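**Q** Mind having a look at this structure? Questions to follow.
The values are calculated or read from the model by the stated rules, or taken from the named source; none is laboratory data. Only a predicted model underlies this, so the values are computations on that prediction, with no experimental measurement involved. We place every Cβ from the backbone using ideal geometry, glycine too, and count neighbours over all the protein chains shown. Areas reflect the complete protein model, heavy atoms only, side chains present, ligands, DNA and RNA absent. Shrake-Rupley method; radii C 1.70, N 1.55, O 1.52, S 1.80 Å.
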Amino acid sequence: MPDNNSSAFIDVRGRSLEVRRIAAGAMGPTLVFLHEGLGSISQWRDFPDGIAAATGLPAMVYARCGHGQSTVLQQPHGVDFMHREALESLPDLLRALGIARPILIGHSDGASIALIYAGSGHPVQGLVAMSPHVFVEDISIAGIVAAKQAFETTDLPQKLARHHRDAHKTFHAWNDIWLAPAFRSWNIERFLPAIHCPLLAIQGQEDEYGSMAQVDAIAHQAGGAVELLKLEHCGHSPHKDQTQRVAEAIVEFVGRC
């Protein structure tokens, strides 16, 4: 697929994934953006474009199965859905696109997927984890419950429908598994010691889905150098709540990778 800033579709494991590549003026590692649990390509807005332009590096943004314009999810998620994405779908997608040793930039579930990918032995130049989850907290469940209430009582379904082929399936696939009793013991800390690439972890003080314990666990357990950016007056989406500060931090970090 050409680097021409356009969207296209790539077949991965029999599913069509929506992919957007952003061309760059110079050669270098590709920035790979991994969206949140209800995210898509369009919900990143122009944030990837700004990071690509500032770093001069090519970028790739994609929508996981069940998100955006990718194939609609046919089966409910299992507890291991992030593991499967990191260990099966993402490696196959990167291989199909000829992307080796990327710089991963993940948000929320996307950050967790990036951590699993890097911690399972795949070559990674650097990793940015925004609002990552490495275990489930009470605040995480409370946030998911609040999201379910919002989906049932507000215009959230209509808002999500602007970004997903089937907003109801997208929402319930994410919400139902996070609220499943079996998911309470979900934990990816075992992957952290094997992450040796430079890592930037970003967390908002007012994140409704997780506390500072998440990034502190990464800092204490990762096998390589970890930089922490803890932001006041910031919720679950640092790249939207404090766009300039987060963009500057990512660009500076990428320059050191």
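**Q** Only four residue types carry charge here, +1 at the Cβ of Lys and Arg and -1 at the Cβ of Asp and Glu. Report the dipole size of segment 18-70 about the Cα centre in Debye, rounded to the nearest 20. Present the calculation step by step, with values, prior to reporting the outcome.
**A** Values: 4 positive and 4 negative charges, 18 e Å.
The dipole magnitude comes to about 80 debye.
**Q** May I ask you to compute the full-extension gain from Q149 to A213, defined as 0.36 nm times their residue separation minus their alpha-carbon distance, rounded to one decimal in nm?
**A** Difference between extended and current length: 20.5 nm.
**Q** If you don't mind, there's one more thing I want to ask. Tabulate in residue order the Karplus-calculated ³J(HN,Hα) for segment 96-110, using 6.51 cos²θ - 1.76 cosθ + 1.60 with θ = phi - 60°, rounded to whole Hz; enter x for Gly and Pro.
**A** 5, 8, x, 9, 10, 6, x, 9, 8, 10, x, 10, 6, 4, x
**Q** Now for a separate question. When the accessible area of the chain is computed with all protein chains present and a 1.4 Å probe, what percentage of it is carbon and sulfur?
**A** Working: 5240 of 10570 Å².
The C+S portion of the solvent-accessible surface of the chain is 50 percent.
**Q** Let me check against my output: what whole-number percent is the relative contact order of the chain, with C-alpha pairs under 8 Å and at least 6 apart?
**A** Values: 528 pairs, mean separation 47.9, N = 257.
In percent, rounded to a whole number, it is 19.
**Q** Let me ask something else. Using 0.36 nm per residue, how much length does the chain from I141 to R45 gain when fully extended, once their Cα-Cα distance is taken away? Walk me through the numbers before you get to the answer.
**A** On the way: separation 96, 0.36 × 96 = 34.56 nm, distance 2.70 nm.
Fully extending the segment from I141 to R45 adds 31.9 nm.
**Q** Next question, about the same structure. Between D241 and F9, what is the label-point separation in nm under the 7 Å Cα-to-beta-carbon projection?
**A** 3.6
**Q** Another one. Could I have the simple spin-label model distance between Q158 and A53, label points 7 Å from Cα toward Cβ, reported in nm to one decimal?
**A** Reported label-point gap for Q158 and A53 is 3.2 nm.
**Q** Could you give the size of the charge dipole of segment 128-257 about its Cα centre, using +1 on the Cβ of each K and R and -1 on the Cβ of each D and E, expressed in debye and rounded to the nearest 20?
**A** Values: 11 positive and 16 negative charges, 88 e Å.
With only Lys, Arg, Asp and Glu charged at Cβ, the dipole is about 420 debye.
**Q** Please compute the contact order of segment 15-104 in relative form: average sequence separation of alpha-carbon pairs under 8 Å and at least six residues apart, divided by the residue count, as a percent.
**A** 40
**Q** Run the dipole for the chain about the Cα centre, Lys and Arg Cβ at +1, Asp and Glu Cβ at -1, nothing else charged, and hand back the magnitude in debye, nearest 20. Write out the running numbers ahead of the final one.
**A** Working: 20 positive and 27 negative charges, 134 e Å.
I would put it at about 640 debye.
**Q** Whole number please: convex hull volume per residue of the Cα set in the chain, in Å³? If you can, show how the numbers build up before the last one.
**A** On the way: hull volume 28.5 nm³, N = 257.
Value for the chain: 111 Å³ per residue.
**Q** Work out Dmax and Rg for segment 73-114 from the C-alpha atoms and quote the Rg first, both in angstrom.
**A** Reported Rg and Dmax, both Å: 11.3, 31.
**Q** Just name one of Q75, A222, F191: the one whose Cα is farthest towards the positive end of the charge dipole of the chain (beta-carbon charges, Lys/Arg +1, Asp/Glu -1).
**A** Q75
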